[in-house]
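A.B. asks: Before I ask anything, let me first share the structure, which is written out below as structure tokens.
The values are calculated or read from the model by the stated rules, or taken from the named source; none is laboratory data. As the structure is a prediction and not an experimental result, all values here were calculated from the model. Note that each Cβ is placed from the backbone with ideal geometry, even for glycine, and that neighbours are counted across all protein chains shown. These area figures cover heavy atoms from the full protein model, side chains too; ligands, DNA and RNA do not enter into them. Shrake-Rupley method; radii C 1.70, N 1.55, O 1.52, S 1.80 Å.
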2 protein chains.
Amino acid sequence: MSDFSAIAATKPIRTVAIVGGTHGNEFSGIYLEKRYRAAPELTTRSSFSCRTLLANPMAHQANKRYRDSDLNRQFKTVDLANPALANYEQSRAKVINAELGPKGAAKTDFLIDLHNTTSNMGACLILTQPGAIYNLLAGYIAQKMPEAVISRDEDHFKAEDHALLCTVGTFGVIVEVGPQPQSVLRQDVLEQMHEMTQHILDFIEHYNLGTLPELPARVEAFRYLHSLKLPVSANGERLGMVHKNIQDRDYQPIQPGQPLFTLFSGEELPYEGTEVVYPTFINEAAYYDNNLALSLNEKVWIEVYPEG
Amino acid sequence: MSDFSAIAATKPIRTVAIVGGTHGNEFSGIYLEKRYRAAPELTTRSSFSCRTLLANPMAHQANKRYRDSDLNRQFKTVDLANPALANYEQSRAKVINAELGPKGAAKTDFLIDLHNTTSNMGACLILTQPGAIYNLLAGYIAQKMPEAVISRDEDHFKAEDHALLCTVGTFGVIVEVGPQPQSVLRQDVLEQMHEMTQHILDFIEHYNLGTLPELPARVEAFRYLHSLKLPVSANGERLGMVHKNIQDRDYQPIQPGQPLFTLFSGEELPYEGTEVVYPTFINEAAYYDNNLALSLNEKVWIEVYPEG
């Protein structure tokens with residue numbers, strides 16, 4: 001714990017940004033950003049300043065995920081520096097990087113990017129980088145919101161190689177809540193997103209002030225392994241769908257040999273791996289254009305406190 | 001019953017059409033139409049011919065409900081005859097009317113239009129016209145698929161004044177199944193749609209052959225009254241959302257005074273009617289562009305057999 005106090009004292013978080021509408025048809029973040037903009041007292045804490053941003057207004061106006069390309073895939077450092085990448089979202093990425101970054105030397109110490117999924121994932125905190133502050137945050141969220149899920153998504157990549165918007169901040173996380181159909185605003189989902197965001201802001205305040213409560217020593221998390229595509233024919237036509245016994249069972253174990261897909265012919269295709277895995281983003285609507293069926297994860301433990 | 005036998009004998013159904021993809025992002029009907037096209041034995045019966053049609057291929061290609069305007073609002077007789085209505089869906093409507101109609105003197109005796117909703121409506125048979133054959137069908141579906149819901153939607157309108165695709169046939173119904181997010185294909189929802197469609201085909205066969213089983217004398221149904229819009233400000237901005245205690249409770253009674261909407265300010269707005277009503281299409285994603293929150297219905301009974 002003394003190690004942690006040292007971290008808090010030397011590197012406080014002074015600037016926070018909350019981003020909604022990175023995807024234009026994920027309504028919870030869009031409405032929550034709007035609410036926080038109208039009522040800044042909801043995001044005010046004593047030890048940092050907080051701003052909000054609607055990331056992709058044109059996509060929201062068109063009621064679509066994106067206009068030209070997925071905004072949440074445009075934030076690799078090399079792409080941000082490439083003037084040839086000039087469509088709407090690629091341009092928005094450069095503007096957001098100038099506004100909240102620049103990546104690698106950002107004016108934003110901690111960035112919270114708000115997302116929805118059509119999958120049955122509940123309230124999920126997605127960590128895309130390793131580090132002591134994320135481990136503490138995982139412990140804090142697990143304590144305050146035990147129903148929430150902690151996810152580690154390709155946190156072995158350096159921030160500069162990550163294409164996600166949240167990596168523009170020195171630190172950054174994704175708040176992902178579902179299930180919610182695209183273009184729908186559910187009160188229950190909005191409340192979960194608000195609750196998790198408030199806990200993150202409270203965490204940062206405690207972190208800065210050195211007033212964090214005692215946290216669990218370790219928390220369970222899911223670590224992204226790889227994605228599975230729907231079965232398709234040689235000419236790219238889909239041959240089947242996610243098996244109904246997998247549907248809605250995000251985070252529930254999949255055993256080797258268990259049916260994963262049902263072909264339109266009636267045949268079932270099993271999971272061919274040799275280890276138990278845990279699915280997320282099952283049948284996510286936004287991934288249909290590339291035929292992604294689900295992501296597979298392993299279960300891992302996060303050690304909340306630094307060793308020694 | 002003798003009355004019914006007379007109906008069956010004088011007016012058999014000789015031509016059936018199954019239409020999918022009237023809305024391009026409602027995937028169950030799109031895949032079911034494709035399956036039936038590839039395996040026509042699934043729709044073959046002894047007493048009628050059956051064809052299928054993908055209604056809005058360009059909208060499906062764009063992964064959208066529609067390209068220029070809602071195809072399922074283009075089938076009023078006066079609009080079909082108006083050459084000035086010439087956008088993509090208005091043109092498709094004229095082509096479909098020539099192909100399956102023409103409305104009022106149709107080559108299609110019975111049309112089944114397949115739809116999905118993001119609302120929690122289960123498998124729903126929507127009747128848009130009154131008549132003895134629909135009453136019998138309601139009884140048959142209630143008997144074979146007791147979990148299904150029967151809905152009467154503005155069946156006081158003459159067919160010529162109805163804008164729905166299913167009214168192109170001499171007889172026509174909508175099979176509406178949910179919840180399913182737009183652009184998602186759920187196995188369970190696809191199976192429900194297939195099951196209801198098969199029951200309808202079986203019903204027509206029995207109707208033609210005079211071999212219908214004894215049916216319940218009357219069945220419960222919901223009759224559309226009117227729709228409610230989300231609360232909006234003078235300049236059209238949304239001020240709130242569907243109350244979480246209403247969400248997902250399609251067909252569950254709403255009592256006078258019960259909270260219907262939650263404003264972003266936290267205030268709750270009650271249902272101001274004086275009668276118990278039953279909601280459908282609660283928070284349907286497709287209705288967000290016109291701020292529709294839900295439809296209200298009354299509970300009615302359908303007398304399955306002709307009187308006397």
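A.B. asks: Of the residues in region A:163-189, how many are open to solvent by less than 10 Å² (accessible area, probe 1.4 Å), closer than 9 Å to A:Ser28 by Cβ and facing another protein chain (nearest Cβ under 8 Å)?
C.D. replies: Qualifying residue count for the region: 1.
A.B. asks: In the set A:His206, A:His199, which member is over 25 Å from A:Asn116 (Cβ atoms) and away from chain B (no Cβ under 13 Å)?
C.D. replies: On the way: A:His199 fails: over 25 Å from A:Asn116 (Cβ atoms).
Selected residue: A:His206, the only one of A:His206, A:His199 that is over 25 Å from A:Asn116 (Cβ atoms) and away from chain B (no Cβ under 13 Å).
A.B. asks: Within region A:38-53, track down each residue that is in contact with a Lys or Arg (Cβ under 9 Å, 6 or more places away or on another chain) and within 14 Å of chain B (Cβ to nearest Cβ).
C.D. replies: A:Leu42
A.B. asks: Would you call A:Asn25 modelled with pLDDT of 95 or more, touching a His at 6+ places or on another chain (Cβ under 8 Å) and more than 14 Å from every other protein chain (Cβ to nearest Cβ)?
C.D. replies: Values: modelled with pLDDT of 95 or more: yes; touching a His at 6+ places or on another chain (Cβ under 8 Å): yes; more than 14 Å from every other protein chain (Cβ to nearest Cβ): no.
It is false that A:Asn25 is modelled with pLDDT of 95 or more, touching a His at 6+ places or on another chain (Cβ under 8 Å) and more than 14 Å from every other protein chain (Cβ to nearest Cβ).
A.B. asks: A further question follows. Residues of region B:89-106 being more than 12 Å from B:Glu160 (Cβ to Cβ) and open to solvent by 40 Å² or more (accessible area, probe 1.4 Å), which ones?
C.D. replies: B:Ser91, B:Arg92, B:Lys94, B:Val95, B:Ala98, B:Glu99 - these are the residues of region B:89-106 that are more than 12 Å from B:Glu160 (Cβ to Cβ) and open to solvent by 40 Å² or more (accessible area, probe 1.4 Å).
A.B. asks: Might you check whether a residue that is of a type in the set (A, V, I, L, M), outside any strand (DSSP E or B) and open to solvent by 50 Å² or more (accessible area, probe 1.4 Å) occurs anywhere in region A:227-241? Walk me through how you get there before you give the answer.
C.D. replies: So in region A:227-241, the residues of a type in the set (A, V, I, L, M) come out as A:228, A:230, A:232, A:234, A:239, A:241.
Next, from what is left, pick out any that are outside any strand (DSSP E or B): A:230, A:234, A:239.
If we keep only those that are open to solvent by 50 Å² or more (accessible area, probe 1.4 Å) as well, we get A:234, A:239.
Yes, because at least one residue in region A:227-241 is of a type in the set (A, V, I, L, M), outside any strand (DSSP E or B) and open to solvent by 50 Å² or more (accessible area, probe 1.4 Å).
A.B. asks: Would you please name the residue that is farthest from A:Ile200 (Cα to Cα), looking only at residues in region A:104-160 that are polar (S, T, N, Q) and touching a helix residue (DSSP H, G or I) at 6+ places or on another chain (Cβ under 7 Å)?
C.D. replies: First, pick out the residues of region A:104-160 that are polar (S, T, N, Q): A:108, A:116-120, A:128-129, A:135, A:143, A:151.
Now narrow it down to the ones that are touching a helix residue (DSSP H, G or I) at 6+ places or on another chain (Cβ under 7 Å): A:108, A:116, A:118, A:128-129.
Details: A:Thr108: 15, A:Asn116: 17, A:Thr118: 23, A:Thr128: 15, A:Gln129: 16 Å.
Among those residues, the one meeting the criterion is A:Thr118.
Here's the yes/no breakdown for (1) without any contact (Cβ under 8 Å) to a residue 40 or more places away in the chain; (2) within 20 Å of the chain's Cα centre (by Cα):
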residue	(1), (2)
B:Leu71	no, yes
B:Asn82	yes, no
B:Val95	yes, no
B:Glu99	no, no
B:Ala106	no, yes
B:Gly139	no, yes
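A.B. asks: Just checking, does region A:236-251 include any residue being under 22 Å from the mean Cα position of the chain (by Cα) and within 26 Å of A:His156 (Cα to Cα)?
C.D. replies: Checking region A:236-251: at least one residue is under 22 Å from the mean Cα position of the chain (by Cα) and within 26 Å of A:His156 (Cα to Cα).
A.B. asks: Could you please let me know if A:Ile254 is touching a residue at least 12 places away in the same chain (Cβ under 8 Å), open to solvent by less than 60 Å² (accessible area, probe 1.4 Å), closer than 24 Å to B:Pro181 by Cα and more than 13 Å from every other protein chain (Cβ to nearest Cβ)?
C.D. replies: Details: touching a residue at least 12 places away in the same chain (Cβ under 8 Å): yes; open to solvent by less than 60 Å² (accessible area, probe 1.4 Å): yes; closer than 24 Å to B:Pro181 by Cα: yes; more than 13 Å from every other protein chain (Cβ to nearest Cβ): yes.
In short, yes.
A.B. asks: Say we look at region A:296-308 and pick out the residues that are modelled with pLDDT of 95 or more and open to solvent by 10 Å² or more (accessible area, probe 1.4 Å); which of these is farthest from the chain's Cα centre (by Cα)?
C.D. replies: Quick first cut of region A:296-308, residues modelled with pLDDT of 95 or more only: A:296-305.
This time we only want the ones that are open to solvent by 10 Å² or more (accessible area, probe 1.4 Å), so: A:298-301, A:303, A:305.
Numbers: A:Glu298: 17, A:Lys299: 17, A:Val300: 17, A:Trp301: 18, A:Glu303: 20, A:Tyr305: 23 Å.
It comes out as A:Tyr305.
A.B. asks: Mind telling me which of the residues A:Pro253, A:Pro279, A:Pro270 ends up being over 25 Å from A:Ile302 (Cα atoms) and at pLDDT 95 or above? Explain how you work it out, then say what you get.
C.D. replies: Numbers: A:Pro253 fails: over 25 Å from A:Ile302 (Cα atoms); A:Pro279 fails: over 25 Å from A:Ile302 (Cα atoms).
When all the criteria are applied, what remains is A:Pro270.
A.B. asks: Hey, another quick one. For A:Thr128, are the conditions met, namely being within 14 Å of chain B (Cβ to nearest Cβ) and either under 17 Å from the mean Cα position of the chain (by Cα) or farther than 19 Å from A:Ala286 by Cα (or both)?
C.D. replies: Numbers: within 14 Å of chain B (Cβ to nearest Cβ): no; either under 17 Å from the mean Cα position of the chain (by Cα) or farther than 19 Å from A:Ala286 by Cα (or both): yes.
No.
A.B. asks: Would you confirm whether any residue within region B:244-257 is in contact with a Gly (Cβ under 7 Å, 6 or more places away or on another chain) and either outside any loop (DSSP other than H, G, I, E, B) or outside the structural domain of B:Ile150 (by TED's automatic domain parsing) (or both)?
C.D. replies: As a first pass, look at region B:244-257 and keep what is in contact with a Gly (Cβ under 7 Å, 6 or more places away or on another chain): B:256.
Filter again for either outside any loop (DSSP other than H, G, I, E, B) or outside the structural domain of B:Ile150 (by TED's automatic domain parsing) (or both), leaving B:256.
Scanning region B:244-257, I find at least one residue that is in contact with a Gly (Cβ under 7 Å, 6 or more places away or on another chain) and either outside any loop (DSSP other than H, G, I, E, B) or outside the structural domain of B:Ile150 (by TED's automatic domain parsing) (or both), so the answer is yes.
A.B. asks: So how many residues does region A:258-308 have that are assigned to a strand (DSSP E or B), within 14 Å of another protein chain (Cβ to nearest Cβ) and within 15 Å of A:Ser227 (Cβ to Cβ)? Break it down stepwise before answering.
C.D. replies: From region A:258-308, those assigned to a strand (DSSP E or B) are A:259-263, A:268-270, A:277-280, A:292-303; that's our starting set.
Okay, now just the ones that are also within 14 Å of another protein chain (Cβ to nearest Cβ), so A:259-263, A:268-269, A:292-294.
Now drop any that are not within 15 Å of A:Ser227 (Cβ to Cβ), which leaves A:260-261, A:292-294.
The qualifying residues number 5.
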